Structure formats: C-alpha cells, structure tokens
Amino acid sequence: MEYTLRVGGEAGQGLQTIGGALAQVFSKIGFHVFTHQDYMSRVRGGHNFYQIRFSEKEISASRDMVDILLALDLDTIEIHRKSVRDDGFILYDSEITKKKFEEPEFIDIPFKKIALDVGKKV
C-alpha cells in the first residue's frame, strides 16, 4: 500500500500544521513517510502545499502524481487537478470554493462546518 496526499491552500491556512500532523499519524501507525512543502509566500495570500507520501515499504523521494488532493481553496483545484492520478480523488468544501464539482473524482466535505461544530465543543 502506498499513497501520496497533497494538501493545498493559501499561506496562513495551517498547511504546515495539517501536513505535519498527518505525517506524524501515518508514521506512528507504522508507515514510512516522506514529506515536502512548497510555498510561495510567508504572507497570507500566496498558494502553498504540503505533500505526504506514505507507504508500507521504505521510500526516499516524493512523487509528481498524487492519489488524494485536499483542497482548502479553489486555486488548489485549478493548480493541482492535473496532478491527481486517474484513480485518485479530490476532497474539497464547496462552501469555501464557492463552486460545486460534479465529476466523480470530487468529494464535497463540509470542512468549514465541521471545524465550526468541533470548535464549539472545545
């Protein structure tokens, strides 16, 4: 089993936190993990992404194509859509992107609503 997950969004949306946390989870449950980040700006507004490759076997590099694209904004979909493998999928929140995608590779998850609901309970 081997997957590559790319989380993309604007600088300041917590991509390092999300990517780092996911990488730790995958590592702690026994996967080999390789991560890398790309960032255009340290100031909120530039597009960034954090990529995690995890596998049951040892790995030592990243991959260009991804299995899962987690899009925290519309730019991520527009920039990285062609990097998603044919059997991969794109997770997004249509409330955030202000656009609904009907293609089968898109999975609309209400990230914003979930975060607000969980935040109220804390």
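Brief remarks on what is shown
- Pair list, Cβ < 8 Å and 6+ apart or interchain, from the stretch 9-22 residues that are closer than 21 Å to R81 by Cα to residues that are hydroxyl-bearing (S, T, Y) and part of a helix (DSSP H, G or I): G9/T76
Okay, residues lined up against (1) touching a Lys or Arg at 6+ places or on another chain (Cβ under 9 Å); (2) within 19 Å of G14 (Cβ to Cβ):
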site: I68; (1), (2): yes, yes
site: T76; (1), (2): yes, yes
site: I79; (1), (2): no, yes
site: S83; (1), (2): yes, no
site: K98; (1), (2): no, no
site: P104; (1), (2): no, no
site: I114; (1), (2): no, yes
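- In the stretch 1-20, the residue that is farthest from the chain's Cα centre (by Cα) out of those that are outside any helix (DSSP H, G or I) and over 13 Å from T76 (Cβ atoms) is M1.
- Here V33 fulfils each of the conditions (1) open to solvent by 20 Å² or more (accessible area, probe 1.4 Å); (2) modelled with pLDDT of 95 or more; (3) under 18 Å from I96 (Cα atoms); (4) among the β-branched types (V, I, T) apart from (3).
- Residue within the stretch 37-46 that is within 14 Å of the chain's Cα centre (by Cα), of a type in the set (A, V, I, L, M, F, W, C) and at negative phi present: no
- Condition check for V33: of a type in the set (A, V, I, L, M) and in a helix (DSSP H, G or I): no
- Extreme residue, surrounded by the most Cβ atoms within 10 Å (Cβ to Cβ), among residues of the stretch 4-30 that are farther than 17 Å from S62 by Cα and of a type in the set (G, A, S): G9
- Taking the stretch 49-122 as the region of interest, the strands (runs of 3 or more DSSP E) fully inside it that hold 3 or more residues being in contact (Cβ under 8 Å) with a residue 24 or more places away in the chain, surrounded by 15 or more Cβ atoms within 10 Å (Cβ to Cβ) and on the phi < 0 side of the Ramachandran plot are 66-71.
The values are calculated or read from the model by the stated rules, or taken from the named source; none is laboratory data. Only a predicted model underlies this, so the values are computations on that prediction, with no experimental measurement involved. Don't worry about glycine lacking a Cβ; one is built from the backbone with ideal geometry, like all the others, and counts go over all protein chains shown. Remember, those area values only see protein heavy atoms, side chains included, never the ligands or the DNA or RNA. Shrake-Rupley method; radii C 1.70, N 1.55, O 1.52, S 1.80 Å.
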